[in-house]
Amino acid sequence: MVAYVLRRIGSTILVMVLVSLLVFLLLRLAPGDPAAVLAGDNASAEQIATLRRLLGLDDPLPVQFLSWLWAVAQGNLGASLYSAEPVTLLMSQRAEATLSLALATLTVAVPLAIVMGVTAAHRAGTGTDRVLMLFAVAGFSLPAFVVGYLLVYLLAIQAGVLPVQGYQPIAEGIGGWAAHLVLPAITLGLIYTALIARITRATMLETLSEDFIRTARAKGLPMRRVLLVHALRNAGVPIVTVIGIGVALLIGGVVVTETVFNIPGVGRLVVDAIARRDYPVIQGVILVCSGIYVLLNLLTDLSYTLIDPRIRY
Amino acid sequence: MTEPVLSVRGLTTSFRADAFSPWSTVVRDLSFDIGAGETLAIVGESGSGKSVTSLSVMRLLAERTSRIEGSAKLEGSELLALPEAKMRKVRGSAISMIFQEPMTSLNPMMTIGSQVAEVMRCHLGLSAAEAKAEAIRLFEKVRIPNAKDRYDTHPHKLSGGQRQRVMIAMALAARPKLLIADEPTTALDVTIQGQILDLIKDLQVETGMAVLFITHDMGVVAEVSDRTLVMLRGDKVEEGSTADIFARGKHPYTRALLSAVPRLGSMAGRLNPATFGLIDMTTGEATPERALPAAADAPPVLEVKNLCTRFEVRGGLFARVTGAVHAVEDVSFDLRPGETLSLVGESGCGKSTTGRSILRLTHPRAGDIRVDGAAMHALDGKALREARRAIQMVFQDPFASLNPRVSVGTAIAEPFIEQGLGTQAEAREKAGQLLERVGLSAKVMNRLPHEFSGGQRQRICIARALMLDPKIIVADESVSALDVSIKAQVCNLLMDLQESLGLSYLFISHDMAVVERVSHRVAVMYMGEIVEIGPRPAIFERPQHAYTQKLIAAVPVPDPARRVLRRKQDIEEIKSPFRPKDFQPPKREWREVGAGHFVQT
């Protein structure tokens, strides 16, 4: 187990170096010059050239990459070309909003999706099953911005029960914080709920046809216990895998949702940075996100051992 | 007479695919009684409705797609009319069940202790501590060694036999009046089967419960049951005391079933294999058995010398090799033209790996394999593929070994075309001839596998193996998954083909009674090694190695007089052939006890 974790962390570092190399190259190959953006519309070619030299953009690419990597290894993600503020500071300022949104989405979506999936599998073929799966298909098909604006129109503008947009830090009161998160979390959680519910239904259906479920029923156990104790845990590995993959989707979804609801989170930070070709910010955010993702993957794999006693690393 | 424990009258069960399809009846108007302390065996082949009968009584069939009519009374109270909540209280307490597949019938995620304890918590209202103590007592009762330490073990750490013991402990937990045992020993090795049958018999004497025993195996029936009920395609064809059924079965189907049962010892005094005598199921017409010729006195077509196959086990930070499973260890034998050599032994003894290693489907670590004198072990790539023409394989599971989306004609023709032996048209013509040869019609070429029964599919697999005109066929448990009457027919087909085509068979099987019928010679494998090899009559009549003797003694004999006997064998499971990295296999000595009969000392 320890050996496995160490091997995995070793490969994680390798993956992250590769990811940062790809991002680094992609940004440099894409058209657009940060110096030109920074210098403004009226700058002369000479001014832009000076700026490029000051920013270190004249160095050969390998030198730029290695010096950035060296700084990263020391915990320094660099500073924004635009505001000169450190990338770590920019990210930590925005982290609360993004984490709040992600966690709110997960705490609602995961339990709801599992209950939906288990119910649909137990009642497979009935009206209940069809209604639940119709909802799941709808959740897949509707883009976040459509649902988002629709919810804003109905619940915020027409009914006036929830704020239209923006974010309120938790320090300014739990009520306001929660009220601001309801609509974005529903918007973001919809596709996520649909995905987990469908996988839960499919794996539960498979598990329910297993011999040991027949054994459990022949023992005279209550259906609730058969479903939640005997079947759900056996269906757990694929469900947890999808939840893990879903977190990656969440990272992408956060960007759109934050834009729709005008939430000052990491998603907005990276959208703004891309518009300005703010290389260090983009690189920093992607590196941290991929780090989180790889780490979550490791945690997902390790969680298998908690679910299934046959899995040992 | 006192009231029976279970009284079934006019039980009729039907299924439908969905709410819009018509009902099709799979059990018709079935009636029987079981008294306390009595064992009733329901015998029949796949599709006879024997398992459906037990699931109907337990009401475990899906409500939306099944319909149960008639009556099933447990000590006078009607089960079929009980509301689901009350029925649930009957399941696992008054009536409990054990199933065929011990490997899949336990929940892999829960400890065996908690799976037994939950029955008592649910039905007897015991506290967690009481249930645990009681579960450990039950484990001791079903003779699980170190019961106390095993409480927190997960099922995957137990062998099949031990898992079935856990299932039995679970079934007995709430002291049932009726135990339904649905093929409880079919999936087990023969020595383990004997132990489990003895255990069920002992526990029945102790508790006085009634047992409904469902099986296809007449040998098992004779060992366990007081009365026997024979089912055919949903109907009861005959019922009576087991002794009566065996001695004076009236219905042709009963007699067909009995005649098809391979009986250990029926070949005594005969030198060569013989086909099964068969009785037609409907007319009762008999086809007598027929003796086969001896193997040709020619140089061997297959020579295997010092074959070793090991599977490495890795561990640690750098995934170094820590040891190996010695699946096949220093195995040597030869096979002559027209000869059947059987490899027998229990699960995990390495018999299948030996077969696969010879075809190089698994890479042997060392050893010489010569087919017609040509070295198979030294070949690679194209040459290896060509060499494989001479050896073909027929596998155990006829359902899994045919691609469900490929027509049988294409499946049979494929090896011929892939090997570049002729055109599509030639391949199809040959496939058609082979289908006729294995007892099917050339007209079925365009059908898909699911349109055939298990026995027919196995015939198709045999036709596919014959497509390349092989000299040797490795039959890896090829008849094990088939019903008794079908098993006899497929064995007869294999023997007919041997006679007409001069084929040699490496017949891999755990079924001693079938082996006795079909083999010229027998090799007994134990923990990856051949412990005894020799002519079939010598092995069966004068077994020398302790393991061979044990294997033969464990086979159930279809003779109701043995009902009261017990084997009194030690409870032990096959040991693991895992060895540490620096393990040196001991040098084995052989002793010749008769002509061509060798025993490991």
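Does segment B:342-362 contain any residue that is modelled with pLDDT of 85 or more, closer than 25 Å to B:Lys587 by Cα and open to solvent by 50 Å² or more (accessible area, probe 1.4 Å)?
yes
I'd like to verify a number: residues in segment A:243-263 that are closer than 17 Å to A:Ser290 by Cα and in contact (Cβ under 8 Å) with a residue 40 or more places away in the chain, how many?
Selection size over segment A:243-263: 10.
Looking only at segment A:290-300, which residues are farther than 18 Å from A:Asn76 by Cβ and of a type outside the set (Ser, Thr, Tyr)?
If the condition is that a residue be farther than 18 Å from A:Asn76 by Cβ and of a type outside the set (Ser, Thr, Tyr), then A:Ile292, A:Val294, A:Leu295, A:Leu296, A:Asn297, A:Leu298, A:Leu299 are the ones that fit.
Could you give every pair whose Cβ atoms fall below 6 Å, whose first residue belongs to segment B:490-510 and is over 13 Å from B:Leu341 (Cα atoms), and whose second residue is modelled with pLDDT of 90 or more, counting only separations of at least 6 or pairs across chains?
B:Val490/B:Gln458; B:Cys491/B:Val518; B:Leu497/B:Leu503; B:Gly502/B:Pro337; B:Gly502/B:Gly338
When A:Leu228 is evaluated against the numbered criteria (1) within 14 Å of chain B (Cβ to nearest Cβ); (2) touching a residue at least 40 places away in the same chain (Cβ under 8 Å); (3) open to solvent by less than 60 Å² (accessible area, probe 1.4 Å), which criterion, by number, is the only one it fails?
(3)
Take the residues of segment B:38-58 that are within 21 Å of B:Glu84 (Cα to Cα) and open to solvent by less than 10 Å² (accessible area, probe 1.4 Å): which is farthest from the other protein chains (Cβ to nearest Cβ)?
Only one residue fits best here, namely B:Thr53.
Could you tell me which residue of segment A:169-210 is least open to solvent (accessible area, probe 1.4 Å), considering only residues that are outside any helix (DSSP H, G or I) and without any contact (Cβ under 8 Å) to a residue 24 or more places away in the chain?
Top of the filtered list is A:Gly173.
When you go through (1) over 25 Å from A:Val229 (Cβ atoms); (2) modelled with pLDDT of 85 or more one by one for A:Gly117, which number turns out not to apply?
(1)
What is the number of the single condition among (1) surrounded by 16 or more Cβ atoms within 10 Å (Cβ to Cβ); (2) away from chain B (no Cβ under 14 Å); (3) more than 12 Å from A:Leu27 (Cβ to Cβ); (4) not charged (D, E, K, R) that A:Pro309 does not meet?
(2)
B:Met120: more than 19 Å from B:Leu60 (Cβ to Cβ) and either buried (at least 23 other Cβ atoms within 10 Å of the Cβ) or in contact with a Cys (Cβ under 8 Å, 6 or more places away or on another chain) (or both), yes or no?
yes
Let's see how each residue does on (1) within 23 Å of B:Val328 (Cβ to Cβ); (2) touching a helix residue (DSSP H, G or I) at 6+ places or on another chain (Cβ under 9 Å); (3) at pLDDT 90 or above:
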residue: B:Arg464; (1), (2), (3): no, yes, yes
residue: B:Ala475; (1), (2), (3): yes, yes, yes
residue: B:Ser480; (1), (2), (3): yes, yes, no
residue: B:Cys491; (1), (2), (3): no, yes, yes
residue: B:Tyr505; (1), (2), (3): yes, yes, yes
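Tell me yes or no: at least one residue of segment B:292-313 is more than 26 Å from B:Gln392 (Cβ to Cβ) and surrounded by fewer than 22 Cβ atoms within 10 Å (Cβ to Cβ).
Yes; the residues of segment B:292-313 include at least one that is more than 26 Å from B:Gln392 (Cβ to Cβ) and surrounded by fewer than 22 Cβ atoms within 10 Å (Cβ to Cβ).
Please go through segment A:150-168 and give me each residue that is part of a helix (DSSP H, G or I) and surrounded by 14 or more Cβ atoms within 10 Å (Cβ to Cβ), ordered by number.
A:Leu151, A:Val152, A:Leu155, A:Ala156
If I filter segment B:91-109 down to residues being open to solvent by 20 Å² or more (accessible area, probe 1.4 Å) and more than 7 Å from chain A (Cβ to nearest Cβ), which single residue comes out as modelled with the lowest pLDDT?
The selected residue is B:Met103.
Output the number of the condition that B:Leu379 fails; it satisfies all remaining conditions of (1) more than 18 Å from B:Arg521 (Cβ to Cβ); (2) assigned to a strand (DSSP E or B).
Going through the list (1) more than 18 Å from B:Arg521 (Cβ to Cβ); (2) assigned to a strand (DSSP E or B), B:Leu379 breaks only (2).
Go through (1) touching a Pro at 6+ places or on another chain (Cβ under 9 Å); (2) surrounded by fewer than 20 Cβ atoms within 10 Å (Cβ to Cβ) one by one and return the number of the condition B:Ser480 breaks.
Just one mismatch for B:Ser480, condition (1).
Test B:Leu74 against the criterion of being in contact with a helix residue (DSSP H, G or I) (Cβ under 9 Å, 6 or more places away or on another chain), more than 12 Å from every other protein chain (Cβ to nearest Cβ), buried (at least 18 other Cβ atoms within 10 Å of the Cβ) and closer than 30 Å to B:Ser31 by Cβ, and give yes or no.
So B:Leu74 passes the test.
When you scan segment A:172-184, do you find a residue that is in contact with a Leu (Cβ under 7 Å, 6 or more places away or on another chain) and within 14 Å of chain B (Cβ to nearest Cβ), even just one?
The answer is no, given that none of the residues of segment A:172-184 is in contact with a Leu (Cβ under 7 Å, 6 or more places away or on another chain) and within 14 Å of chain B (Cβ to nearest Cβ).
Have a look at B:Ser485, B:Ser441, B:Ser509 and point out the one that is over 23 Å from the mean Cα position of the chain (by Cα) and either on the phi > 0 side of the Ramachandran plot or hydroxyl-bearing (Ser, Thr, Tyr) (or both).
One residue alone meets the criteria, B:Ser441.
Quick check on A:Thr241: is it out of contact with any Pro (no Cβ under 7 Å at 6 or more places or on another chain) and polar (S, T, N, Q)?
In short, yes.
Output the number of residues of segment B:8-28 satisfying the condition of being more than 14 Å from chain A (Cβ to nearest Cβ) and either of a type outside the set (D, E, K, R) or under 13 Å from B:Arg233 (Cβ atoms) (or both).
Total satisfying the criteria: 14.
Report yes if B:Ala169 is surrounded by fewer than 22 Cβ atoms within 10 Å (Cβ to Cβ), in contact (Cβ under 8 Å) with a residue 12 or more places away in the chain, closer than 30 Å to A:Ile311 by Cβ and hydrophobic (A, V, I, L, M, F, W, C), otherwise no.
When the stated conditions are applied, B:Ala169 does not pass them.
Which of (1) outside the structural domain of A:Pro111 (by TED's automatic domain parsing); (2) open to solvent by less than 60 Å² (accessible area, probe 1.4 Å) is the odd one out, the single condition A:Ile213 does not satisfy?
Failed condition: (1).
Quick check on A:Ala248: is it within 14 Å of another protein chain (Cβ to nearest Cβ) and in a helix (DSSP H, G or I)?
No, not satisfied.
If B:Ala147 satisfies every condition in (1) at pLDDT 90 or above; (2) at negative phi but one, which is the exception?
(1)
Is it true that A:Pro238 is more than 10 Å from chain B (Cβ to nearest Cβ), over 11 Å from A:Val118 (Cα atoms) and modelled with pLDDT of 90 or more?
Here the answer is yes, as A:Pro238 does meet what is asked.
Consider B:Thr423 carefully, then state whether it is open to solvent by 40 Å² or more (accessible area, probe 1.4 Å), among the polar types (S, T, N, Q), at pLDDT 90 or above and more than 30 Å from the chain's Cα centre (by Cα).
Criteria met by B:Thr423.
The values are calculated or read from the model by the stated rules, or taken from the named source; none is laboratory data. Model, not experiment: these values are computed from the prediction. In this analysis, Cβ positions are derived from the backbone assuming ideal geometry, glycine residues included, and neighbour counts consider all displayed protein chains. We work out accessible area using only protein heavy atoms, side chains counted, and drop any ligands, DNA or RNA first. Shrake-Rupley method; radii C 1.70, N 1.55, O 1.52, S 1.80 Å.
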